[in-house]
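Notes follow once the structure below has been shown.
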Amino acid sequence: MSPYEESYLLIGAGCFGASTALHLKRIYPAAKVTLVDRTPFPCPTAAAHDLNKIVRAEYEDPLYLKLALEALKIWNCDPIFKPWFHRTGLVFASDAIRGDAVISNYESLIGHSPTMMLAPEDIKSRFGGIFRDADWTGVSKCTWSPQAGWADAEQALQSVIQAAVELGVKYISTTVSAVSFDKHGVCQGVQTHTGERLTADHTILCTGAYTAQLLADSAPQWKELQLDGRMVAAAACMGIFKVPKDQMPKFEEAPVIVFPESAYPGESIPAGPAGLVKCTHELSFTNKIYHKRSRQWISVPPRRKSQMTWSQDIPQGLKYEVMKVRDMIYGGWLENLEPVSYRMCWDAVTPNQDFIICEHPYSKSLYIAGGGSFHGWKFLPNIGQYVVKMLHGKLDEKEKKRWGWNRSNTGGACQMYNPVRDLKDIEMYDGSCTIAIKGTYISIL
Ligand SMILES: Cc1cc2nc3c(=O)[nH]c(=O)nc-3n(C[C@H](O)[C@H](O)[C@H](O)COP(=O)(O)OP(=O)(O)OC[C@H]3O[C@@H](n4cnc5c(N)ncnc54)[C@H](O)[C@@H]3O)c2cc1C
């Protein structure tokens, strides 16, 4: 059968699943494409479902800079994405981010760099003075990207899935309990929690932070099937703050800010028309459990939905850290920035933050697309094209190597560190002491 008529079962309608569904239907209009997630779309437990996310092309790694520039072009012109993108610019206030490497990547790729280095004094006096009271300790240089910004995440995700459905993608709202295999280990599709079987020629797991558990539940004795640390569920805590009406004018020129070097490594997306500011504490954490049937420790998102979505069901210590990020970035310049809600947002993190986009080497017809590693969302417009390429063996050698099942974990997308604390440790402290571990932050953008 040609790819034009084959059937594709995408499990997970977050960033990778939604983007792949759209591109599969665009490239192979006659293909039978089914997209599955737990709830009607967009599903609120997806990392891709959020108040907003950062969109930028500044990567020290040329592969991701090129990919992000491609995405940015679509954010700026495609009617599915454009209404949700706010080009506010972005400041990296950090000596650790190698702005010079980003600039030279730009120069070799497009001949010039829109990104530039600025001194903290310049940043303090620009943008209507929004960062005048920030804690600038230890920051001697900043990288300024005028073409970056942020996007309304929930609406953009909704828009992509809606467009895919209009092209003929079938959306099914159900929870998958296991992947099914024949006696030779060839993937046949999945089984849902109601016992229904969904079958297809190709089954693609776009299940993000839930992937390790799904594979462990599906075939606990099959060692080679397991992720074995290739993608680890990890979360970071975000807080939403309501801006009083009289303070809104202060945000008129505000860009996104990333402030990774401090006791409270953090970032903030400025208030849009809804008058809400998002602050994120970047020190991520796992939630490790012992999976008895497969005899392995894996990290999984917590069972309570309120610990995956916006709520108040968050350990006090995490709330405290998010408020510290608010104070560090906006200081006393903004008055009465009160918290409205918090969220532990769960993503699948790979050791070097490179994605995984490949066929499972031990199960024919089963594929993995994920490992967004706290920076995958901006690729919502184009990552699906690469998943489609992978499905038909068309990734180039470099992409295959970088996104493969077995690969070197040196280098990588962000070259930052993985989570080194666990939710259980955090639950034991209440914010009266700090457990920030220097050098273990992960860059979330
Ligand atoms: C705190 C935080 C901040 C971030 N900020 C940014 C940012 O500013 N910019 C950026 O570019 N990236 C950012 N990211 C990264 C980005 O959100 C993720 O990399 C991206 O969303 C991952 O996409 P995904 O499709 O792999 O997973 P998800 O978006 O999580 O989607 C997975 C989907 O699979 C579904 N699913 C799982 N298991 C099952 C099952 N058994 N049955 C049915 N459905 C199932 C889930 O319900 C979910 O909808 C951030 C991530 C976090 C956690």
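The values are calculated or read from the model by the stated rules, or taken from the named source; none is laboratory data. Predicted model only: the values in this text are computed from it and were never measured. Quick reminder, even Gly has a Cβ in these numbers, built from the backbone with ideal geometry, and neighbours come from all protein chains shown. Areas reflect the complete protein model, heavy atoms only, side chains present, ligands, DNA and RNA absent. Shrake-Rupley method; radii C 1.70, N 1.55, O 1.52, S 1.80 Å.
Expressed as a whole percent, the accessible surface of the chain that belongs to carbon and sulfur atoms is 52, based on a 1.4 Å probe.
To the nearest 20 debye, what charge dipole does the range 1-133 have about its Cα centre, counting +1 at the Cβ of each Lys and Arg and -1 at the Cβ of each Asp and Glu?
In total the dipole reaches around 460 debye.
Ranked by the mean number of other Cβ atoms within 10 Å of their residues, highest first, the peptides 265-277, 122-134 fall in the order 265-277, 122-134.
For the pair the range 129-203 / the range 236-268, the C-alpha centres are spaced 24 Å from each other. In terms of its C-alpha gyration tensor, the range 140-236 comes out oblate, because a/c is 1.5 or above while a/b does not outweigh b/c.
Given the peptides 11-21, 141-151, arrange them by the average over their residues of other C-beta atoms within 10 Å, most packed first. Display every interim value, and only then the final one.
Numbers: 11-21: 30.3, 141-151: 21.5.
The most tightly packed comes first, giving 11-21, 141-151.
Charge dipole (Cα centre; +1 on Lys/Arg Cβ, -1 on Asp/Glu Cβ; no other charges) of the range 145-258 amounts to roughly 200 debye. Sorting 395-402, 192-199, 225-232, 26-33 by average packing, meaning the other beta carbons within 10 Å per residue, from highest down gives 225-232, 26-33, 395-402, 192-199. The range 7-402 has equivalent-ellipsoid semi-axes of 36, 23, 20 Å, by the square roots of 5 times the alpha carbon gyration tensor eigenvalues, sorted largest first. Can you tell which of 291, 45, 232 lies farthest toward the positive end of the dipole of the chain, using +1 and -1 charges on the Cβ of basic and acidic side chains (Lys, Arg; Asp, Glu)? Going by the Cα projections, it comes out as 291. Net charge dipole, the chain: roughly 960 debye, given to the nearest 20, about the Cα centre with Cβ charges of +1 for Lys and Arg and -1 for Asp and Glu. Remark: the range 7-402 carries 37 Å² of accessible area per residue (probe radius 1.4 Å; ligands, DNA and RNA excluded).
Per-residue Karplus couplings for the range 143-150, computed as 6.51 cos²θ - 1.76 cosθ + 1.60 with θ equal to phi - 60°, are listed in order as 10, 10, 10, x, 9, 7, x, 9 Hz, Gly and Pro entered as x.
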